[in-house]
Amino acid sequence: MNQESFWISDDGLITSIKKSSEPNNVILTITFKLRSESEVAFVSERLEHIQFSERSSLARIGIEIYTPHPPRINRDRLILEGTAFVYDTDFPCAPYADKLLQTGIAAGRLFYAPENQKLSSDEIWQALQENRIKLPNTTSIDRFGRVFLTPHKVQYTLPKNVTELDHLRLVKGLLPRTFLDKVQKREDLSVVSIEPHSGLLTSCSMYLKEHYVVLNRGEGNFGLHSGAVLLDPIKTFGTGVILEIYNRSDQPVINPVVSIEVYHAPHFDRDRIAEKRDQRMVFFSNLDKIYRQLDAKPKQQFDRLRPTTDISLRGQSAKTDNQSILIRADNAIKEELKRVARNGHFGFRTVNQALRKGDQEADTLVLDYFPGLAEHIEILANINRLKLKNIVFRKATPLQEFFLTNEAHSHLETYQQLGIKVYWLTLDDLYVHAYKHDHGYFIREEEVERFLACTILAFYGSALEMDPEEERKISELVVRMTDFFGNNVGILTGGGEGVMGLANDVARHRGCLTGAAFLELEAQPPKVGVNFFNTFQETNRHNRQKWFQVADFCIFNLGGAGTMEEIGIELCNMKLGIRPRVPYVFYHDTYWKQLEEQFSQLVSDGRMPAWMKEQLLFCGDSEEIINFYRKSLQIL
């Protein structure tokens with residue numbers, strides 16, 4: 001392990017619960033399993049400096065876990081003692097909080113923040129100027145590298161109709177953290193005040209790409225921040241970074257100030273990027289040889305072998321031809337080709353036969369087209385006895401090479417949850433399926449970490465040809481936006497020509513990632529050549545729109561009926577809390593004027609919240625757009 005880098009454990013689980021001598025408190029034992037012998041050695045030398053960060057989902061419902069002492073080590077585990085209590089009895093969970101804390105529940109993580117990775121005042125200021133980090137516009141930095149900020153003048157409360165079962169499902173991880181974003185009520189305040197013996201949920205704006213932030217809990221003079229003190233890069237991104245602050249004194253706290261420290265995240269090694277690229281090319285070459293053999297040689301057949309579910313759906317079943325083979329991906333390809341061949345045969349006629357009669361020690365299932373429902377069931381039925389780590393395919397369906405079905409996207413999510421990597425050999429390259437914001441895209445493996453960390457801008461607009469002035473203005477906006485959001489930006493479009501093609505072309509020339517959610521349309525052939533993509537059949541048009549939720553910001557350009565539909569969906573996403581409150585830009589000097597008037601009328605008639613209109617800008621001036629982003633996001 002790199003002894004100079006920031007270190008974080010896996011989630012620790014509650015392993016015992018005891019009543020405390022203090023009323024309404026419980027004593028927790030939290031156990032963290034270490035991942036390797038080197039990690040055991042690493043933390044053994046740093047026990048006194050290991051810190052705990054509570055899961056934010058616990059802190060946001062009002063549960064505090066206080067850990068005054070460092071953990072102790074027991075073989076390959078760290079053991080931590082802590083005290084849990086509800087920091088504000090007005091929170092809905094207060095009457096049954098003791099029932100929520102159960103053994104087996106994830107409580108938080110341990111981390112080590114080395115002093116030599118902490119940014120100095122000058123380093124923080126330089127990172128801000130270079131747009132490598134974005135902090136609130138209320139930020140002050142002292143000469144010791146301590147950053148002070150005041151939260152937004154807002155308060156979030158959980159409604160009383162959030163039930164005990166809702167809370168239990170949340171702390172068990174059965175509900176995502178975004179559940180709280182959707183149900184919590186926001187109230188704008190003129191002054192942020194925390195009454196004696198109470199707590200407050202508020203927020204700030206923060207965009208972390210390559211830094212960790214550690215919140216100082218404070219000494220109590222401005223209240224105490226909860227035990228959820230660690231903010232990760234990538235995950236900490238937006239205007240709604242929740243802060244949980246409580247006041248244990250007999251006096252109110254007015255406009256609390258939060259103190260943070262900024263640390264370098266471990267740098268991604270450029271040599272490692274090259275290494276991953278080389279590994280992908282070798283894997284791609286090996287798979288090409290595998291597929292050549294599958295195409296050229298006869299398959300083994302076991303016609304009497306019954307599948308787990310002998311059913312047929314839409315003309316497909318587990319008996320449908322889908323040439324497949326199980327291989328060991330790490331073996332030398334020449335040896336592997338010889339090893340898996342059988343009496344002049346290579347591979348199997350169906351997925352079921354490959355799973356049942358193939359190499360049971362293999363880690364990779366190679367098949368012709370993506371598993372249909374019946375084949376998906378066969379994979380799940382055999383998963384426990386196989387050592388399957390990878391699934392590789394080259395066609396979307398037996399009849400459609402490039403556009404995936406709706407059920408395929410559901411299957412991809414299942415494989416991701418099972419820890420199985422899915423590779424697609426297409427477009428003369430090899431792509432792995434990677435998730436960002438709960439939506440998956442295919443991307444070259446060496447680009448995955450950059451994809452996860454980048455700011456993604458969704459550019460909506462027409463595929464029709466533009467005049468030179470319109471092209472100039474679109475190009476100018478892409479340049480200004482990529483400058484504003486820093487050196488790691490991605491552009492996401494529908495994958496067509498016109499506005500979409502131009503935005504991707506300009507972004508590519510500036511070294512940005514480019515992406516597309518391709519839709520099967522006769523009138524709009526896909527413009528390939530992007531870094532990340534996913535595909536959808538024409539019957540899956542509305543579901544495809546969900547994949548644009550991977551984008552952090554939306555920009556609506558010249559467009560027609562399709563763009564109008566996308567505007568409606570994105571506005572509903574904001575209203576329902578599916579998207580955070582971020583700026584939506586309608587980019588043109590005059591084109592959107594009537595729509596702007598329509599939205600104003602909706603607000604006047606009480607058919608649209610006024611706060612939504614405040615997040616919309618109708619403008620053709622790129623400089624004004626950047627200023628609007630700064631103001632709306634409340635960042636430096």
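See the values below:
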| quantity | calculated |
| --- | --- |
| Among residues of the stretch 180-206, those that are part of a strand (DSSP E or B) and either touching a helix residue (DSSP H, G or I) at 6+ places or on another chain (Cβ under 8 Å) or not hydroxyl-bearing (Ser, Thr, Tyr) (or both), counted | 11 |
| Qualifying residue in the stretch 250-259 (condition: over 30 Å from residue 179 (Cβ atoms) and at pLDDT below 90) | no |
| Matching residues in the stretch 434-481 - criterion: being aliphatic (A, V, I, L, M) and touching a His at 6+ places or on another chain (Cβ under 9 Å) | 443, 456 |
| Residue match in the stretch 96-106 (condition: under 30 Å from the mean Cα position of the chain (by Cα) and under 16 Å from residue 227 (Cα atoms)) | yes |
| Odd one out for residue 555 among (1) among the aliphatic types (A, V, I, L, M); (2) within 30 Å of residue 179 (Cβ to Cβ); (3) surrounded by fewer than 18 Cβ atoms within 10 Å (Cβ to Cβ) | (3) |
| Residue that is surrounded by the fewest Cβ atoms within 10 Å (Cβ to Cβ), among those in the stretch 400-422 that are touching a residue at least 60 places away in the same chain (Cβ under 8 Å) and more than 17 Å from residue 526 (Cα to Cα) | 406 |
| Considering residues of the stretch 16-39 that are in a loop (DSSP other than H, G, I, E, B), of a type outside the set (Gly, Ala, Ser) and out of contact with any helix residue (DSSP H, G or I) (no Cβ under 6 Å at 6 or more places or on another chain) only, the residue nearest to residue 66 (Cα to Cα) | 25 |
| Evaluation of residue 440 against (1) assigned by TED's automatic domain parsing to the domain that holds residue 554; (2) modelled with pLDDT of 95 or more; (3) not aliphatic (A, V, I, L, M) (one fails), failing number | (1) |
| Looking only at the stretch 322-362, and only at residues there that are part of a helix (DSSP H, G or I) and among the basic types (Lys, Arg), the one that is surrounded by the most Cβ atoms within 10 Å (Cβ to Cβ) | 356 |
| Which listed residue is at pLDDT 95 or above, hydrophobic (A, V, I, L, M, F, W, C) and more than 27 Å from residue 142 (Cα to Cα), from 73, 124 | 73 |
| Contacts under 6 angstrom Cβ, first residue in the stretch 460-475 being within 10 Å of residue 498 (Cα to Cα), partner among the charged types (D, E, K, R) and outside any helix (DSSP H, G or I), 6 or more apart | 463/497 |
| Hits in the stretch 327-359 (condition: of a type outside the set (Gly, Ala, Ser) and within 17 Å of residue 307 (Cα to Cα)) | 348, 349, 350, 351, 352, 353, 355, 356, 357 |
| Conditions (1) surrounded by fewer than 20 Cβ atoms within 10 Å (Cβ to Cβ); (2) at pLDDT below 95; (3) within 27 Å of residue 254 (Cβ to Cβ): number failed by residue 198 | (2) |
| Any pair with Cβ under 6 angstrom, 6 or more apart, that starts in the stretch 27-54 at a residue that is charged (D, E, K, R) and ends at one that is surrounded by 14 or more Cβ atoms within 10 Å (Cβ to Cβ) and part of a strand (DSSP E or B) | 33/77; 46/112; 54/65; 54/108 |
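Every residue, every condition in (1) crowded, with 20+ Cβ neighbours inside 10 Å; (2) out of contact with any Lys or Arg (no Cβ under 7 Å at 6 or more places or on another chain), yes or no:
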site: 46; (1), (2): no, yes
site: 52; (1), (2): yes, yes
site: 77; (1), (2): no, no
site: 80; (1), (2): yes, yes
site: 86; (1), (2): yes, yes
site: 96; (1), (2): no, yes
site: 103; (1), (2): no, yes
site: 120; (1), (2): no, yes
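For every residue, the table says whether it meets (1) surrounded by fewer than 16 Cβ atoms within 10 Å (Cβ to Cβ); (2) touching a strand residue (DSSP E or B) at 6+ places or on another chain (Cβ under 6 Å); (3) not in a loop (DSSP other than H, G, I, E, B).
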{"residue": "262", "(1), (2), (3)": "no, yes, yes"}
{"residue": "273", "(1), (2), (3)": "yes, no, yes"}
{"residue": "278", "(1), (2), (3)": "yes, no, yes"}
{"residue": "282", "(1), (2), (3)": "yes, no, yes"}
{"residue": "289", "(1), (2), (3)": "yes, no, yes"}
{"residue": "294", "(1), (2), (3)": "no, no, yes"}
{"residue": "305", "(1), (2), (3)": "yes, no, no"}
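The values are calculated or read from the model by the stated rules, or taken from the named source; none is laboratory data. Owing to the predicted nature of the structure, the values given are computational and were not obtained by experimental measurement. No Cβ is skipped: glycine too gets one built from the backbone with ideal geometry, and neighbour counts run over all protein chains shown.
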